[in-house]
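Reading through the structure tokens given below for one structure.
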């Protein structure tokens, strides 16, 4: 069977997609690009916002319309939280946010049934108006999950960095977020299994491993008292020396003096720290049900700046959250300038039905978007200032692909770097690069050749 998979959403979804691809290949199936003809199309959906829901529905309907004879399978957070809606999309297989191996088994069952029947699809099903009586489903209750599902670690095809999912689930229940309802409680991958998977990734040639999860700051909470993310980092650093380790998004309170002291001696830890912010206003953070204040957040930024030489502190920001006044928004703008972020992902608030924030007084959409543009302008100033501060420095760069006549890669601080290639293939090589300038969106540099 030839299978194509379309992935929406976060790095956890990307991780789970690559795991499904690996498993399908192991079972003798072929993976093809989503734009190519296939026997089966899998859509791994996202439900972080209402816009994500809409995109998920659109791609399923498009595939059902363009490939009426193919098997269409839908899984992920949207299918988990909106199973009733998902059933109207005309899919052959439906699964939620868990049991990916069981979902693939149903996909194979659907393919076997199709081959055995060898008959045209029912007209109603081909139209996408009904799921049809033959739809196979695999759902569970996320809140009943107590153990993390084992999935093989790896990277998407052709990538130089691999993803290692070390945690699933979240119990923060931010007022705008539906993900705890899609993913359930915190479940952690054991240190022993994480070390085994990391070693396998190193043996497969990956030079960087990104630790990902729904809320990795909570790693270890379900394993034994006192176990923390830093314990996992130290274990992995010892298990795969020479492989860069990059952290996914962190809850700001993870960064403590002890965290920084222990992290500072790990030779392969990338000095990029993504601390979720969402707002720089204390009143807005309370309405969001975030568990920190701007003062506590800034304490984390200061600790990182005092411990590491020019670390890249990156973040996310939501503008126009319910109840946000112009004064509160101005507080946020002043706060992000104070923090001096290396990069900010700015999003206008998107109503997420089923969450407490959806019932709050809403800011008009044009105001949300206008504030996003203003915050984006400040974010661009800060990004440019951070990159200009890199000029003259030497950074270790993991190269990925040819670009604009040179070769492109990412430094440890996750800044994109472009160097002259002169016909060289630098894919998956790490080189020291002296930064000579700043282009439109990347650092420009020259490789410092090793002495022979």
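No lab work stands behind these numbers, since they all come straight from the coordinates. A quick note: this is a predicted structure, and the numbers were derived from the prediction, not measured. Here the Cβ positions follow ideal geometry from the backbone for every residue, glycine too, while neighbour counts run over all protein chains shown.
Computed per residue of the chain from DSSP H runs no shorter than four, each worth -39500 (n - 2.57), the mean residue ellipticity at 222 nm is -11000 deg cm²/dmol.
With the simple spin-label model, which puts each label point 7 Å out from Cα in the Cβ direction, the residue 192 to residue 150 separation comes to 1.2 nm. A simple packing score, the average count of other Cβ atoms within 10 Å per residue, orders the peptides 243-249, 86-92 as 86-92, 243-249, with the highest score first. Taking the chain as the reference, fit the longest principal axis to its C-alpha atoms, fit the long axis of helix 191-203 to the helix C-alpha atoms, and give the angle between the two in degrees, 0 to 90, nearest 10. Between the helix axis and the principal axis of the chain, the angle is about 90 degrees.
Packing around the peptides 161-167, 343-349, 31-37, taken as the average count of other Cβ atoms within 10 Å per residue, puts them in this order, highest first: 161-167, 343-349, 31-37. Cα axis of helix 100-117 to longest principal axis of the chain: angle in degrees, 0 to 90, nearest 10? Roughly 30 degrees, rounded to the nearest 10.
Compared with the dominant principal axis of the Cα atoms in the chain, helix 365-389 is inclined by about 50°. The value of relative contact order for the chain, using C-alpha pairs under 8 Å at least six residues apart, is 10 percent. Annotation: peptides 402-409, 329-336, ranked by per-residue average of other Cβ atoms within 10 Å with the highest first, follow the order 329-336, 402-409.
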